[in-house]
């Protein structure tokens, strides 16, 4: 049986506005390694009415001239705003100054900055996860085959909400819809192996 786990999600990256699609796997039923269901965005404390998700408090939204509501967040806009909301940096200060451009460039920008020690390959809560452009994944779990691809130009970023003891990690992400999506990236999958993390 083949299960296509990717739904075409129109995500745009900041500045260049290149289209990007990268859905992470959502596992049905008991989603987390602990057997609990995935939390909702409101349970995680995501408040889209906050200034961090508006042009006045989020430089990426301001640069993209997209301060309209209800706003279909791009992946970079959402991850940037969520980081501000969690109190991990202020708008356009500190490490936030290098988090610009297409999603797939964020790890390179950090690596080539004074924040290079904050780039890692191990998942950590309250970090930003980065996937490169033009990645193609396929793997089997039991009788099910999962496939995922990243956009050939833009790549993808998301915010890591939680890391489980087995290394699986929970993300919130913009996917060009009015509300963020909460997903689980399962440890041991090629999607998890290809991830890089910006510690905040």
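Every read-out reported here was derived from the displayed coordinates using simple, explicitly stated rules and does not represent laboratory data. Fair warning: this is a prediction, and the values are worked out from it, not measured in the lab. Here the Cβ positions follow ideal geometry from the backbone for every residue, glycine too, while neighbour counts run over all protein chains shown.
From the residues in segment 102-118 that are within 14 Å of residue 200 (Cβ to Cβ) and under 15 Å from the mean Cα position of the chain (by Cα), which one is surrounded by the fewest Cβ atoms within 10 Å (Cβ to Cβ)?
Restricting to residues being within 14 Å of residue 200 (Cβ to Cβ) and under 15 Å from the mean Cα position of the chain (by Cα), the top hit is 107.
For segment 172-184, which residues satisfy the criterion of being surrounded by fewer than 23 Cβ atoms within 10 Å (Cβ to Cβ) and touching a helix residue (DSSP H, G or I) at 6+ places or on another chain (Cβ under 9 Å)?
Listed by number, the residues that qualify are 172, 176.
Being assigned to a loop (DSSP other than H, G, I, E, B) and farther than 15 Å from residue 41 by Cβ is the filter here; which residues of segment 151-175 pass it?
Our first condition is that a residue be assigned to a loop (DSSP other than H, G, I, E, B); within segment 151-175, this holds for 151-155, 164-168, 174-175.
Selection gives 151, 152, 153, 154, 155, 164, 165, 166, 167, 168.
Given the condition out of contact with any strand residue (DSSP E or B) (no Cβ under 9 Å at 6 or more places or on another chain) and either in a loop (DSSP other than H, G, I, E, B) or touching a residue at least 12 places away in the same chain (Cβ under 8 Å) (or both), answer yes or no: does some residue in segment 114-125 qualify?
First, the residues of segment 114-125 that are out of contact with any strand residue (DSSP E or B) (no Cβ under 9 Å at 6 or more places or on another chain): 114, 116.
Subsequent filtering for residues that are either in a loop (DSSP other than H, G, I, E, B) or touching a residue at least 12 places away in the same chain (Cβ under 8 Å) (or both) retains 114.
Yes, segment 114-125 contains a residue that is out of contact with any strand residue (DSSP E or B) (no Cβ under 9 Å at 6 or more places or on another chain) and either in a loop (DSSP other than H, G, I, E, B) or touching a residue at least 12 places away in the same chain (Cβ under 8 Å) (or both).
What is the residue count in segment 182-200 for residues that are outside any loop (DSSP other than H, G, I, E, B) and without any contact (Cβ under 8 Å) to a residue 60 or more places away in the chain? Outline the logic, then answer.
At the first step, the residues of segment 182-200 found to be outside any loop (DSSP other than H, G, I, E, B) are 182-185, 190-193, 196-199.
Subsequent filtering for residues that are without any contact (Cβ under 8 Å) to a residue 60 or more places away in the chain retains 190, 193.
Here the count works out to 2.
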